[in-house]
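See below for the structure under consideration.
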Amino acid sequence: MATQKNGNFPTVCVTKCLSVHPKSLQPQQILSLSNLDRQCPLLMYLVFFYKPTSVYQNLSLDLVFRKLKSGLEETLSVWYPAAGRLSLNPNDGKLNIWCNNKGAILVEAVTQVKISELGDLFQYNEFLEKLVYKPVFNGNFAEMPLVVAQVTRFGCGGYSVGIGTSHSLFDGPGSYDFLRAWASNSAIMKDKGGIEVHKPVHERGRMGMTNSHVAKSAMAPRAAAIDHLYMLIKNALGAGQNLSEMGNMNYVTKTFHLSGAMIESFKRKVFGQGRGNFSCSSFELVAAHIWKARTKAMGVKKEAMVCLQFAVDTRNKMVPPLPKGFSGNAFVLASVALTAGELEQGSHEGIVEKIKKAKNSINNDYVNAYNEALEGPQGTLPPLKELTLVSDWTRMPFHNVDFVHGEADAASPLISPIPQVAYFMQNPTDVKGIDVRIGLLPQTVNAFSHYFLNNLH
C-alpha cells in the first residue's frame, strides 16, 4: 500500500449515506464479463474539485446532494450493470455481474478545510482518502457496490465529488462516458442534457469469447505482453528477488507537469527541426523518455531484460470495430523489450519506432491470444523494477465533467491497486500538456526526477 505525508487536517463529517437505485428497474440478469473485465474487480477512485465561485457560493449542500441522487437514479436506468453486484459463477469460479438493481451508494459530507489549504490538487495528498466512500470489503463481492460516491462541501464553499467505480464495470472511456452522463442528468445549475454520449453497449460480445469460441488463424500470434511478463518474473526469481516482499513496498506518488511547449521543444531537441516524414505523438515520445528515466533511476543492470508495457484501446483495432458506446474493458497491453543497456544507448527515435510497432501489432488475433492467456488463475502483478507500465488518459479529459458548475478545477485519482503505473493525464489549462502521475520507491524519487526532467529542458 502506498503512503504519503499528510497535514493535520480536521476531520470530514459524513452527514448522509444512502443507496441509490435505478429510476426504472431492469429485469434481473447475469452479464457475462470478459477476462479483461475480471483482471481488477476493485474500485478505482477519482476526486473532482470545484473551487468556490460567486456563481454558487450560496448553493446548498442539500440541493447538490438531491440533484446528484436524482441524476444517478436516471443514469443507472441506462447504465444498469452499475447498480448490480459481482457474482461468482459456481461452475467455473469466474466473476460476472448480477444486474440485480441493488444500487449504488451516495454519501454527503462536510469539512471545515478550505480547498486552497490542500495545495497543488494534482499532487497526491492523504486527505483525498477522506473525500471518497470506501465500503468495507470482507471478501464477498456480492456485497460490494460497484459505484460509490461522496459529495463534500468545504469550509470555503467549494465542493468535491469523489467517485469509485469497479474496474470490472468500465475501462477509462466507459467510466468517462458514465460520469458525463451522470453529471448531465444531475443538471446542477444548468439545463438538463446538452451533451452527446453514445448509448452504452454493456454486452461484452467478442471480448467475452476466448479462442475456444473464436476461429483461430493458423499463424495466430502470441500476446507479447504476456510472454514478456512471464520472462521478467522468471528472470527475477532466477536472480533471487523476493516478489512477495516487493509487493509490500511503499510508493510515493508524484505528478510531473509537462507543458505543451515543453513537449514540442523536446520533440525538436530529439528529432531536429525538420522531422521529414517521421511523425511522433506526444504519448510515444514521453513514454519512451519515462522508460529510459525510470530504468536508469532503478539501477537495473545493463544486461537485464527490461520492458515497457502500455495500454492500447482495441475498440477500433478489432475488425469489425467494437460497437460505439462499448462500456466494458477493451484495453490490452502492448509490450517492447530490450536490455537495460540497449535502452540506455538507444535513441529516442529508435525507441519510438519500437513503440509504434508494438502498438500496430494489436489486432483481432493479438486480443484473442491475450484474452486466452488470462484464462488461468490470476495473481497480483509484482512491482518489478524491470517493468515500466504506462496508461494514457489524455483522451479522457475527466476535468471536463461538470458535476457542480463548469469544468472541475482538478480531477485527482487516488492511488491505484498497481501504484507504480505511470498515468498520462490531460492538463486542464493546457490541452497539449501532459500531467504524468507515477508511483516511485522513495529512494528513487530524486534520481527519477533528475533523469526525467533534466533532459526535457
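Overview of results
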{"read-out": "Scope segment 41-88; condition under 21 Å from Ser160 (Cα atoms), outside any loop (DSSP other than H, G, I, E, B) and among the aromatic types (Phe, Trp, Tyr); matching residues", "value": "Tyr45, Phe48, Phe49, Tyr50, Phe65"}
{"read-out": "Segment 34-88, subset surrounded by 18 or more Cβ atoms within 10 Å (Cβ to Cβ) and among the small types (Gly, Ala, Ser), residue farthest from His21 (Cα to Cα)", "value": "Ser34"}
{"read-out": "Candidate set: segment 152-182, residues that are in a helix (DSSP H, G or I) and out of contact with any Leu (no Cβ under 9 Å at 6 or more places or on another chain); chosen: the one nearest to Gly84 (Cα to Cα)", "value": "Gly174"}
{"read-out": "Residue in segment 239-262 that is in contact with a Lys or Arg (Cβ under 7 Å, 6 or more places away or on another chain), assigned by TED's automatic domain parsing to the domain that holds Asn427, in contact (Cβ under 8 Å) with a residue 24 or more places away in the chain and assigned to a helix (DSSP H, G or I) present", "value": "yes"}
{"read-out": "Verdict on Met305 being more than 21 Å from Asp227 (Cα to Cα) and either outside the structural domain of Met231 (by TED's automatic domain parsing) or touching a residue at least 24 places away in the same chain (Cβ under 8 Å) (or both)", "value": "no"}
{"read-out": "Matching entry among Leu33, Leu63 (being within 19 Å of the chain's Cα centre (by Cα) and farther than 21 Å from Glu129 by Cβ)", "value": "Leu33"}
{"read-out": "Check on Phe65, of a type outside the set (Val, Ile, Thr), touching a helix residue (DSSP H, G or I) at 6+ places or on another chain (Cβ under 9 Å) and either modelled with pLDDT of 95 or more or not assigned by TED's automatic domain parsing to the domain that holds Asn250 (or both)", "value": "no"}
{"read-out": "Meets criteria (among the basic types (Lys, Arg) and either out of contact with any strand residue (DSSP E or B) (no Cβ under 8 Å at 6 or more places or on another chain) or more than 24 Å from Lys134 (Cβ to Cβ) (or both)) for Lys23", "value": "yes"}
{"read-out": "Only one of Phe326, Phe331, Phe283 that is under 23 Å from the mean Cα position of the chain (by Cα) and over 25 Å from Leu95 (Cα atoms)", "value": "Phe283"}
{"read-out": "Members of segment 293-320 found to be within 22 Å of the chain's Cα centre (by Cα), within 30 Å of Gly205 (Cα to Cα) and not β-branched (Val, Ile, Thr), listed by number", "value": "Leu308, Gln309, Phe310, Ala311, Asp313, Arg315, Asn316, Lys317, Met318"}
{"read-out": "The listed residue being under 23 Å from the mean Cα position of the chain (by Cα), more than 14 Å from Gln309 (Cβ to Cβ) and modelled with pLDDT under 90, out of Pro413, Pro417, Pro383", "value": "Pro417"}
{"read-out": "Residues of segment 97-119 that turn out to be part of a loop (DSSP other than H, G, I, E, B) and either more than 25 Å from the chain's Cα centre (by Cα) or more than 16 Å from Phe154 (Cβ to Cβ) (or both), as a count", "value": "8"}
{"read-out": "Filter pass, Val319 being among the β-branched types (Val, Ile, Thr) and assigned to a loop (DSSP other than H, G, I, E, B)", "value": "yes"}
{"read-out": "Hits in segment 189-206 - residues which are within 19 Å of Ala373 (Cβ to Cβ) and either modelled with pLDDT of 90 or more or loosely packed, with under 14 Cβ neighbours inside 10 Å (or both)", "value": "Arg204"}
{"read-out": "Qualifying residue in segment 49-59 (condition: assigned by TED's automatic domain parsing to the domain that holds Val148, touching a strand residue (DSSP E or B) at 6+ places or on another chain (Cβ under 6 Å) and not aromatic (Phe, Trp, Tyr))", "value": "no"}
{"read-out": "Qualifying positions in segment 355-375 - crowded, with 18+ Cβ neighbours inside 10 Å and closer than 18 Å to Ser282 by Cβ", "value": "Ile355, Ala358"}
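A quick yes/no check of all residues on (1) part of a helix (DSSP H, G or I); (2) in the same structural domain as Phe331 (by TED's automatic domain parsing); (3) closer than 30 Å to Asn364 by Cα; (4) not acidic (Asp, Glu):
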| residue | (1), (2), (3), (4) |
| --- | --- |
| Glu264 | yes, yes, no, no |
| Lys269 | yes, yes, no, yes |
| Ser279 | no, yes, yes, yes |
| Glu284 | yes, yes, yes, no |
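The values are calculated or read from the model by the stated rules, or taken from the named source; none is laboratory data. Everything numeric in this text was worked out from a predicted model, so none of it was measured. For neighbour counting, all protein chains shown are included, and Cβ atoms are generated from backbone atoms with ideal geometry for every residue, glycine included.
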